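The values are calculated or read from the model by the stated rules, or taken from the named source; none is laboratory data. All of these numbers come straight from a predicted model, not from anything done at the bench. So basically every Cβ, Gly included, is an ideal-geometry build from the backbone, and we count neighbours across all protein chains shown.
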């Protein structure tokens, strides 16, 4: 039998199935294969974006090149 519980974050009520709980192994996972062309925000495609405004990178790397962890660019639109 299900159990009625209140979500404390958003305040809504949810029904939880306590008799047949699913485990992570019960779900089918498929490998994600990106498609549809180049992503301008992906690592290695820095030439496709405006110059960086701010960046957390390895000090030995140049501006607007790979070697960053977080990169901020202006919105072109």
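Couple of notes before you dig in:
- Among the residues making up the range 1-49, those that are modelled with pLDDT under 85 and under 30 Å from residue 75 (Cβ atoms) are 32, 33, 34, 35, 36, 37, 38.
- The residue pairs whose first member lies in the range 50-77 and is on the phi > 0 side of the Ramachandran plot, whose second member is at pLDDT 90 or above and surrounded by 11 or more Cβ atoms within 10 Å (Cβ to Cβ), and whose beta carbons are closer than 6 Å, counting only pairs six or more residues apart or on different chains, are 64/46; 64/52; 67/57; 67/61.
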